[in-house]
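Data first, discussion second: the structure below is written as structure tokens.
Rule-based calculations on the coordinates, nothing more; no lab input. What you are looking at is a predicted structure, and each value in this text was computed from that prediction instead of being measured. FYI the Cβ positions are ideal-geometry reconstructions off the backbone, even for glycines, and counts take in every protein chain you see.
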Amino acid sequence: MRLLILFLGFYCSMQAQNKQLLYGFEDIPQQLLLNPGAQVNYRGYIGVPLLSNISLNIGMTGVTTFDLFAKDGIDFNQKLKAIAYSLDAQDHFAFHQQFDVFSAGFRLKTSLEKSIFVSFGMYQEANLSFYFPKDFVVLAYEGNYNNLNRRFNLSDLNVNAEVLSVFHIGVNKKINSRWNVGVRAKIYSSIAQASSTENRGFFLTEKGTGNTLNHVFNLDMKLQTSGLSAFENTTTSHKQEIFKNRMLLGGDLGMGFDIGFTYQPRPEWTIDASIQDLGFINYTKDPQNYVLDNYLEYEGINPIFPEFSSSQTAQDYWDVVSDNFVDLFQIDSTYSSYTKWRPVKLNSSLSYNYGKKVNKDCNCYDTSDSTFLNSVGTQLFFMKRPKHIQWAFSLFYYRKLLRGLQLKTTYTIDAYSSSNIGLGAATSLGPVQFYILADNLLDYQNLAKSQSVYLQFGFNYKFKNNEN
């Protein structure tokens, strides 16, 4: 029972990394982290250190915290069992946290047709992904005797957790009035990582020939960790020093890049897309691999010892049985390095712009006062998970209300909800910008009933183009 509660605790801490409110929000510089080829209508920016970009995604599929802890007179164990049986092995959960340590960007050329914008920075992020281990839970509840000839799938156990920092630099090129393209190079520095995503095999109970039941153990399981042992049996100050060193390129290193573009066939229409995290991390810092790979068929203890006539004693017989199980569950430990590919993400959108604001005095470098006031469109998001492709579809409306206030609202359908309404706002007081983005607003009156929550905010110092 405690194990099941632990599973559900992990289960309640996962959500996708979709940031539909930030994507395409051109007034916010951090949108370049989602699409390095987005349009840029300012000379430069400096993110307030540690406060320019803080985001948190939390959620779950198939269940809410309210389902488990609601005061409805139903016994807690009954609710726990009902939830366990309502979920399946494809139900998944994720946690994503990110904040910028520093970030900045500036324009190298200011000609209208050949603008080059460079952005760079460093951010820290943490990720957890977890699938509900359905067969493990059923086996714990029902046992094997009531499930003869059922294969309990060991691949249901699938979990990945990591903490890392990312150093990045991006180049955004305005080719002409229609095309913007961009690329962002990344260096990953992993602080700690653990994953068990390559589990295979099964456990099967069937009618035996020499005894009542025959148990088949076909085990092929693996747990990979890196960077964890250094934090064990050491002082707090030493742990902090290790963490700091690994954030600053002293961890397991990897490389990756993002690519993106924006295309306007006509001023009223915009098409854009991006691919993030095409890359890998090579784990070499005190890696530890735990492998369980064995096969055994066991019919239980035979009351008539088959080797009794050969002078085998009961103790001898039991020693053989015990040795078989010791060998079966013998975990092999290795210390070889391993490589993991990053989870690739895809964003794209199509928008229609209207309500153009006329400004006779605008200069050719700054289009912020001469572009359209409104934009409506659709957005798509895809992300590669270990056992499936995660997706989200959004409708959005963007509006410039005042010179220093922009709003964006979204309606999103994904695996977590079909009624996700989000709202984002960016406002400026002189060169200082503050933005805040949040979704699932309908659930804020009772967050326990929500399957996902997304919050992001930050401060920037923006250098606008020359203004009159």
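Summary table below
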item	result
Equivalent-ellipsoid semi-axes of the range 402-458, from the Cα gyration tensor, Å, largest first	26, 11, 8
Per residue Cα convex hull volume in Å³ - calculated over the range 16-119	136
Pairwise label distance in nanometres, I54 with S333, each label 7 Å out on the Cα-Cβ vector	3.9
Projected-area average for the range 144-297 over all orientations - Cα convex hull basis, square nanometres	16.0
Quarter of the Cα convex hull surface for the range 84-174, i.e. its orientation-mean projected area (nm²)	9.5
Relative contact order [Cα under 8 Å, 6+ residues apart], the range 198-266, whole percent	21
Chain lengthening between K356 and E268 when straightened (0.36 nm per residue, less Cα-Cα)	30.7 nm
Calculated over the range 142-233: convex hull of Cα atoms, volume per residue (Å³)	202
